[in-house]
1. I need S51, S25 ordered by Cβ neighbour count within 10 Å, fewest first.
2. To the nearest 20 debye, what is the magnitude of the charge dipole of the chain about its Cα centre, counting +1 on the Cβ of each Lys and Arg and -1 on the Cβ of each Asp and Glu?
3. Show which aspartates and glutamates lie in cross-link reach of K71 when reach means a straight Cα distance below 16 angstrom and same-chain residues fewer than eight apart are skipped.
4. As I understand it, the dipole of the chain uses +1 on the Cβ of Lys and Arg and -1 on the Cβ of Asp and Glu, about the Cα centre. Which of L72, Q86, Q105 lies farthest toward its positive end?
5. Summing +1 for each Lys or Arg and -1 for each Asp or Glu, what net charge is found among the other residues whose Cβ lies under 10 Å from the Cβ of L107?
6. Could you work out how far helix 3-13 tilts from the main Cα principal axis of the chain, as a 0 to 90 degree angle to the nearest 10?
7. Using a 7 Å offset from the Cα along the Cα-to-Cβ direction at both K71 and Q15, what is the distance between the two label points in nm, to one decimal?
8. Which pairs in the list K65/K96; K8/K83; K52/K96 are over 26 Å apart, alpha-carbon to alpha-carbon?
Amino acid sequence: MEINEVKKYLFKNKQMAQFDRYCASNLYYTIKLEDGVYEFPVAVTEPVIESKNMELGGDACVNKKIEIGIKLADDLGSTAFGKEIQANYLNRWIEKAIKTNTFIQVLYF
């Protein structure tokens, strides 16, 4: 589905998103659309990346990015994640899921 179609439908129909589960640093929510039920992840953590300059020998040097830990995801903001939440409050994660092919139809109507 197109991102704008989904957003319009959710806003127009005042759809609610239902919390389904937590797995591997993601909250999973489901929403009902015209053609079925979809699920998408909301990442609650993200990696902490540090840049290190590494000498290769002589004057050669490369900047390497190294994951040194995890932190709460920056885009969580002050959103309260409950068992049920107005679906359009989750638009940024729905859009991200559509773009990354993690907006998955789990039930067809």
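Just so you know, all these numbers are worked out from the coordinates, no wet-lab data involved. Remember, it's a predicted structure, so these values are computed and weren't measured experimentally. Note that we place each Cβ from the backbone using ideal geometry, even for glycine, and neighbour counts take in every protein chain shown.
1. Ascending number of Cβ neighbours within 10 Å: S51, S25.
2. Values: 14 positive and 15 negative charges, 67 e Å.
So the magnitude is around 320 debye.
3. Result set, ordered by chain and number: E46, E50.
4. Highest projection toward the positive end goes to Q86.
5. So the surrounding residues net to -1.
6. Roughly 40 degrees, rounded to the nearest 10.
7. Here the answer is 3.3 nm between the modelled labels.
8. From K65/K96; K8/K83; K52/K96, over 26 Å: K52/K96.
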